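Reviewing the structure listed below.
Throughout, read-outs are computed from the coordinates displayed, never taken from laboratory work. The model shown is predicted, which means the values in this text are computed figures rather than measured ones. Positions of Cβ are generated from backbone atoms using ideal geometry, with glycine treated the same way; all protein chains shown enter the neighbour counts.
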Amino acid sequence: MTAIMAAAAASPAGHTLSSQGWRQVGELALALLLSAALGLEREIRQKDAGLRTHTLVGVGAALFMLISKYGFGDVLQARLVVLDPSRVAAQIVSGIGFLGAGLIFVRRDSVRGLTTAASIWMAAAIGAAAGAGLAVLAILATGIYFVVALAFPLLSRRLPNSATAISALRVRYPDGRGILRNVLKEAAGRGFAIDDVSTEPLGRRSRSGAGANGQPRMVEVTLHVHGRQSVSELAAALSDLDYVDAVLASDANAIDE
């Protein structure tokens, strides 16, 4: 660090200690601390983008801001060479979108990763604020993040569920045992309206009607339902039915974490 500061002091065109010193180290450390806090929350929730990803995004954004603010002092000349430090901040905003888009994926009837992608975007913003020297805003934004990530889900669970949002429910069971009738009865008994039912056989069927390995052939039924109750609770109830092998639910009223 001493060598770096000495080199900065000796550099031409107005490079001084203030352009590469303890203040900038502190701003980079602040970005490290705050972005790591965001990443730790994602890591605890076992998300793909966790502690390391958020920390690197936040520190990287802060470093880009510091480069933009202090990295071109040796080429600036009054009324001849003028640079706009805000241009790097604009590139951070657009560039981080590619990383966030890679975290969002669609799995049949559900979308996952939106919250984690938004947290990556937030980490970049907090890192940029720290690198720009806006420590108060960076700390305040970190506090807002934890309010949104931790308190808002508790509030959302208290809100009434939409009765018209359509959720997907996939049930797998052995064919020829009349299980679909019990599935529909259970869903209707819990107040769900069924909009669509589709059946897909799994595996090959032998001449005797059994599966290729001699076991009963499995089928998967996809139900599109809507109602005020939790689809996750309906899925748990269907899992307890006799002969039901697996149930996978995509609840439109569930909170995407």
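Things to note:
- Distance in nm between pseudo-label sites at Ala90 and Phe146 (7 Å out along the Cβ direction from Cα): 3.5 nm
- FRET efficiency for the pair Leu154 and Ala193, taken as 1/(1 + (r/R0)^6) with r the Cβ-Cβ distance and R0 = 22 Å, rounds to 0.15.
- Take 62-69, 184-191 and order them by the average number of nearby Cβ atoms within 10 Å per residue, most first; the result is 62-69, 184-191.
- Judged by the mean number of other Cβ atoms found within 10 Å, the most tightly packed of the peptides 92-101, 216-225, 117-126 leads the ranking 117-126, 216-225, 92-101.
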